[in-house]
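Everything on this sheet refers to the single structure shown next.
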Protein chains: 2
Amino acid sequence: MNQEPLQKPTASELEILRVLWARGPSTVREVYQELRERKSLGYTTVLKLLQIMTAKGSVRRNEEQRAHVYQACQPATETKRQLARDVLQRVFEGSASELMLHALEGRRTSQKELHELRRLLDEYEGRSR
Amino acid sequence: MNQEPLQKPTASELEILRVLWARGPSTVREVYQELRERKSLGYTTVLKLLQIMTAKGSVRRNEEQRAHVYQACQPATETKRQLARDVLQRVFEGSASELMLHALEGRRTSQKELHELRRLLDEYEGRSR
DNA sequence: TTGACAATACGAAAGTCTTCGTAATAGTCT
DNA sequence: AGACTATTACGAAGACTTTCGTATTGTCAA
């Protein structure tokens, strides 16, 4: 089964995807060890998750080796865009400034971050002319 | 039961909260009629959801009238902040510019929106000096 | 008072998510 | 070959979500 408009990953699936994005193609054990540094969970839990994700089509695996090697089907950027859009629509009715407002609210934001944000806006401003 | 650090609302709960924020205190029927304009669902479904939300503490109700009147416990702004932060952390590791980048990516953004975003940044820049 | 109607309460089914235990399998070493 | 180990496969429990049907309760009018 291979649907194009991939459904949004669950919380656990996202954690796994993040490991795969960071490490590139990885075995279950590699993902497991990475995740275990942050939270406690069993090896077979990770395995099962990866099997489910394979079935859903969010990852694919290479079975040439004894230990299968998994990788994300979508690049990080694509999935992140999807998740950002989802929140943008579901919570903020599409208003990017509302999203930004609430994301930044009551939070120290570094000069560096603010500069980067400004740079982004410049880029968009330029493009829309 | 009344926990302070309210857990994040589910998709359905958010839809109901949005109606309550927009309308102010409302009866089940009022929420039902509002929601039904966008999606098909039964009256008792909305009722049940509101009952569950009452138990969770995300809404409270006034039972003086025959038809109970529900209202959100948290103001919209608070919950929205929570959801924005959640995505910011879970998906973008806290980087606001990453969030913004993906939210805006490949999307027409009006001049008005861009101006508003810029205004927000000015405000933050001012505050952090 | 009783019938009709509107509202709430309750329970349960179906689906998804997360987690793990156990079984089966495949490779390795002696 | 046989024992040991690492890996995958499978199934299932428990929690949570969403949805709705049915029962109960309250209100009003005739």
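The values are calculated or read from the model by the stated rules, or taken from the named source; none is laboratory data. Computed from a predicted model, the values in this text were never measured in an experiment. Backbone-built Cβ (ideal geometry, glycine too); neighbour counts: all protein chains shown. For the accessible areas, the whole protein counts, side chains as well, though only heavy atoms, and no ligand, DNA or RNA atoms are used. Shrake-Rupley method; radii C 1.70, N 1.55, O 1.52, S 1.80 Å.
Observations
- Each listed q (0.13, 0.16, 0.17 Å⁻¹) maps to a log10 I(q)/I(0) for chain B from the Debye sum over equal C-alpha point scatterers, namely -0.71, -0.93, -0.99.
- Taking amide H as placed 1.01 Å from N in the peptide plane, the amide H of residue B:73 sits under 5 Å from that of B:59, B:60, each at least 5 places away or on another chain.
- Lysine pairs in the protein assembly as shown with Cα atoms under 16 Å, if 8 or more residues apart or on separate chains: 6
- Between B:45, B:27, B:79, the Gaussian network model of chain B with springs among Cα atoms under 10 angstrom shows the greatest mean-square fluctuation at B:45.
- Area buried, chain A against chain B - accessible surface, total, 1.4 angstrom probe, square angstrom: 4500
- When the trypsin sites (Lys or Arg not before Pro) in region B:1-108 are filtered for DSSP coil states and for at most 16 other beta-carbon atoms within 10 Å of their beta-carbon, the remaining sites are B:38, B:39, B:66, B:107, B:108.
- For the segment A:70-82, counting C-beta atoms of other chains within 10 Å of every residue's C-beta and taking the mean gives 2.
- Å² of accessible area per residue within chain A, as computed with a 1.4 Å probe and no ligands counted: 58
- Counting only other chain Cβ atoms within 10 Å of each residue's Cβ, the peptide B:109-120 averages 5.
- Helix-only arithmetic for chain B: the sum of -39500 (n - 2.57) across DSSP H runs with n ≥ 4, divided by the residue total, places the mean residue ellipticity at 222 nm at -19500 deg cm²/dmol.
- Rounded if a/c under 1.5, otherwise prolate or oblate - the protein assembly as shown, Cα gyration tensor axes: oblate
- Between A:14, A:103, A:62, the Cα set farthest toward the positive side of the dipole of chain A (charges on each charged residue's Cβ, about the Cα centre) is that of A:62.
- Residue among B:43, B:79, B:117 farthest towards the positive dipole end of chain B, charges placed on Cβ: B:43
- Net charge of Cβ neighbours under 12 Å - reference residue B:49; Lys, Arg +1; Asp, Glu -1: 0
- Phi angles of region A:104-112 translate, via the Karplus equation with coefficients 6.51, -1.76, 1.60 and θ = phi - 60°, into HN-Hα couplings of 8, 2, x, 8, 6, 10, 5, 4, 4 Hz per residue; Gly and Pro are given as x.
- Only the Cβ atoms of Lys and Arg (+1) and of Asp and Glu (-1) were treated as charged; on that basis the dipole of region B:46-129 about its Cα centre amounts to roughly 280 debye.
- Of the accessible area of region B:11-72, computed with a 1.4 Å probe over protein heavy atoms only, carbon and sulfur atoms account for 44 percent.
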